[in-house]
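Below is one structure; the comments refer to it alone.
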Amino acid sequence: MVWITADLSENTRVEFSNGRHTWKADEPIEKDGEDTGPSPYELLLGSLAGCTLITLQLYARHKGITLERVSARYEHEKRDEIDEAGKKRVVDVLTSHVEIGGEFTDAQRQRLEQIVSRCPVHKTIEAGAAVEDRVEFV
């Protein structure tokens, strides 16, 4: 199990800790924040990107493949879609653009491309995680 704590510190700024590291999030100024850190959606994208690149590195290391460079850009947008019943709904879309530098065989290229969607965070997002909220008033 992994865990974090989060505390609202000032305005929309949130301070996080996992007992070893601390980091923060905030909303941009145009959303009434102070822009003192990444937004929650940017942190989500960062989690996905970090997991993807780490998974690629671990896979390549295990297979003896040299990755000269690996970078990624992730984007989040909300799109309006019409469902099968003709109702309009808003869908969250996460888009990745991963660049992998090095010399690879066709089989290695194909496998590395598959590995991009095999990181644990990617799998969790695709599967749709169950969220259990527990609220306590103190």
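The values are calculated or read from the model by the stated rules, or taken from the named source; none is laboratory data. Everything numeric here is computed off the predicted structure, so don't read it as measured data. Methodologically, a virtual Cβ is constructed for each residue, glycine included, from the backbone with ideal geometry; neighbour enumeration extends over all protein chains shown.
Observations
- The set of residues in region 92-138 that are assigned to a helix (DSSP H, G or I) and hydroxyl-bearing (S, T, Y) comprises S117, T124.
- Residues within region 79-95 that are closer than 20 Å to L45 by Cβ and surrounded by 10 or more Cβ atoms within 10 Å (Cβ to Cβ), tallied: 5
- Of all the residues in region 29-45, those that are surrounded by 14 or more Cβ atoms within 10 Å (Cβ to Cβ) and of a type outside the set (S, T, Y) number 8.
- H97 being of a type outside the set (K, R), under 18 Å from V121 (Cβ atoms), at pLDDT 95 or above and in contact with a Leu (Cβ under 7 Å, 6 or more places away or on another chain): no
- One residue alone among P40, P28 is more than 23 Å from K123 (Cα to Cα), modelled with pLDDT of 95 or more and of a type outside the set (G, A, S), and that residue is P28.
- Taking the conditions (1) of a type in the set (G, A, S); (2) more than 18 Å from the chain's Cα centre (by Cα); (3) exposed (fewer than 13 other Cβ atoms within 10 Å of the Cβ); (4) not in a loop (DSSP other than H, G, I, E, B) in turn, A60 satisfies each one other than (3).
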